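This report concerns only the one structure given below.
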Amino acid sequence: MKEQLAQIRAAAEQAIVKADSVPELDTLRVRFFGKKGELTSVLKQMGGLSAEMRPVIGQLANETREYIESQIEIARARLEEIALTSRLAAEKIDVTIPGTPQPLGHKHPMSIVLDEALSIFVGMGYKVVEGPEVEYDYYNFEALNIPRDHPARDTQDTFYITDNVLLRTQTSSVQIRHMEKNKPPIKIVSPGRVFRSDEIDATHSPLFHQIEGLVVDKGVTMGDLKGTLEVFAKRLYGEQARARFRPHHFQFTEPSAEMDIMCFNCQGKGCRLCKNEGWIEVLGAGLVHPKVLEICGIDPDVYSGFAFGIGLERITMRRYGIKDIRLFYENDLRFLKQFQGVM
């Protein structure tokens, strides 16, 4: 049996040296140590040995097994290192090669102007608040002193979901909600999307954006309103910006006015964009109607206030000389890329 063990050891050495992959080493392990392996077969014969020879052969068999296992592990480590080196060489990456450029997004022109407008109002002490786009008739009309028979409630002008639920036509509903829960002094600005059943043209869209402001306190006058809006126009467009106020009528303000900005396309001469008027309407404003204050639980004999609603699309058009409101919604990259890097 000593000769058998010596032969097994020699055969194992030769086979391990010739092995050129880890799977081959696993096969050799089975060949020598499996249930029908060569070393296992020798060990099964130990029952026929004398009591004196059994421990001698057993120790020799264990030494043979340990030697073969150690040689297999040494060969395994060597082959794994070779495989890793080969794989690293094949998968080598040249980190100096420029990568594939990924296009980066940037702000939409309306987002640029909105952020700047809000920054101007926040700098004047206003708080930014928001409200739901799907609104109740009460907040969109009734609480704003707009009666049931008012033309604005007609389905040709307003998108109704049910008789009592609609898509808000103005962010003034946010002002009502805020006045219900907060008492003067109030100084807020509320940006958001609004919806009206308008025909699409160069200056109108059924979906557009407003920035509405509200101030309620003691002693608020029309002079405060005009001064605020003139400061806003000059900070947004520069000191050369020209604005004018025209008398108007809104159910929720009294007195009311509209503010226009001189047309940026024709500089007041008249063109298609401004409908040959030389001016573009950008907002409506006025002192808050006493009835609206009463509805919200504010005493109109003690407090007064002003409110205004700015068309975000229109002031953005004025800012960048854009002649058609439809460009904002067409997602044309040729148009949008012009504002990359603009802050």
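The values are calculated or read from the model by the stated rules, or taken from the named source; none is laboratory data. Just so it is clear, the model here is predicted, and its values are computed rather than measured. FYI the Cβ positions are ideal-geometry reconstructions off the backbone, even for glycines, and counts take in every protein chain you see.
Could you check region 161-215 and list, in sequence order, the residues that are closer than 18 Å to Val122 by Cβ and of a type in the set (Lys, Arg)? Talk me through it step by step, then tell me what you get.
From region 161-215, those closer than 18 Å to Val122 by Cβ are 171, 174-175, 178, 182, 185-192, 209-215; that's our starting set.
The answer is Lys187, and nothing else.
Tell me which of these Lys291 doesn't satisfy, since it passes every other one: (1) without any contact (Cβ under 8 Å) to a residue 60 or more places away in the chain; (2) surrounded by fewer than 18 Cβ atoms within 10 Å (Cβ to Cβ); (3) closer than 24 Å to Val189 by Cα.
Of everything listed in (1) without any contact (Cβ under 8 Å) to a residue 60 or more places away in the chain; (2) surrounded by fewer than 18 Cβ atoms within 10 Å (Cβ to Cβ); (3) closer than 24 Å to Val189 by Cα, Lys291 misses just condition (1).
Could you pull out the residue among Ala285, Ala243 that is out of contact with any Lys or Arg (no Cβ under 8 Å at 6 or more places or on another chain), among the aliphatic types (A, V, I, L, M), in contact (Cβ under 8 Å) with a residue 40 or more places away in the chain and in the same structural domain as Lys218 (by TED's automatic domain parsing)?
Ala285
Considering only residues that are part of a helix (DSSP H, G or I) and surrounded by fewer than 12 Cβ atoms within 10 Å (Cβ to Cβ), look in region 120-159 and name the one that is modelled with the lowest pLDDT.
The selected residue is Pro151.
Quick one: in region 7-21, which of the residues that are over 18 Å from Lys44 (Cβ atoms) and exposed (fewer than 15 other Cβ atoms within 10 Å of the Cβ) is nearest to the chain's Cα centre (by Cα)?
The selected residue is Ser21.
Looking at region 163-182, can you tell me whether even one residue there is assigned to a helix (DSSP H, G or I) and β-branched (Val, Ile, Thr)?
Yes, region 163-182 contains a residue that is assigned to a helix (DSSP H, G or I) and β-branched (Val, Ile, Thr).
Here's a check for you: in region 185-234, which residue that is of a type in the set (D, E, K, R) and closer than 20 Å to Cys263 by Cα is modelled with the highest pLDDT?
Top of the filtered list is Lys226.
Considering only residues that are touching a residue at least 12 places away in the same chain (Cβ under 8 Å) and either more than 29 Å from Val17 (Cα to Cα) or surrounded by fewer than 16 Cβ atoms within 10 Å (Cβ to Cβ) (or both), which ones fall in region 54-68?
Gly58, Tyr67
Can you pull out every residue in region 287-318 that is part of a strand (DSSP E or B) and basic (Lys, Arg)?
Scanning region 287-318 gives no hits.
Looking only at region 217-230, filter to residues that are in a helix (DSSP H, G or I) and in contact with a Leu (Cβ under 9 Å, 6 or more places away or on another chain); which one of those is surrounded by the most Cβ atoms within 10 Å (Cβ to Cβ)? I'd like the intermediate steps shown before the answer.
Here is the first cut: in region 217-230, the ones in a helix (DSSP H, G or I) are 222-230.
Subsequent filtering for residues that are in contact with a Leu (Cβ under 9 Å, 6 or more places away or on another chain) retains 222, 225, 229.
Numbers: Met222: 15, Leu225: 24, Leu229: 21.
If we take residues in region 217-230 being in a helix (DSSP H, G or I) and in contact with a Leu (Cβ under 9 Å, 6 or more places away or on another chain), then Leu225 is surrounded by the most Cβ atoms within 10 Å (Cβ to Cβ).
Within region 321-339, track down each residue that is in contact (Cβ under 8 Å) with a residue 24 or more places away in the chain and either touching a Pro at 6+ places or on another chain (Cβ under 6 Å) or not in a helix (DSSP H, G or I) (or both).
Within region 321-339, Gly321, Ile322, Lys323, Asp324, Tyr329, Phe339 meet the criteria.
Restricting to region 219-260, name every residue that is of a type in the set (A, V, I, L, M) and closer than 26 Å to Ser173 by Cα.
Step one: of region 219-260, the residues of a type in the set (A, V, I, L, M) are 220, 222, 225, 229, 231, 233, 236, 241, 243, 257, 259.
Result: Val220, Met222, Leu225, Leu229, Val231, Ala233, Leu236, Ala257, Met259.
Conditions (1) more than 17 Å from Gly311 (Cα to Cα); (2) under 35 Å from the mean Cα position of the chain (by Cα); (3) crowded, with 18+ Cβ neighbours inside 10 Å, marked per residue:
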site	(1), (2), (3)
Asn182	yes, yes, no
Lys187	yes, yes, no
Asp201	no, yes, no
His204	no, yes, no
Phe208	no, yes, yes
Val215	yes, yes, yes
Lys234	no, yes, no
Ile261	no, yes, yes
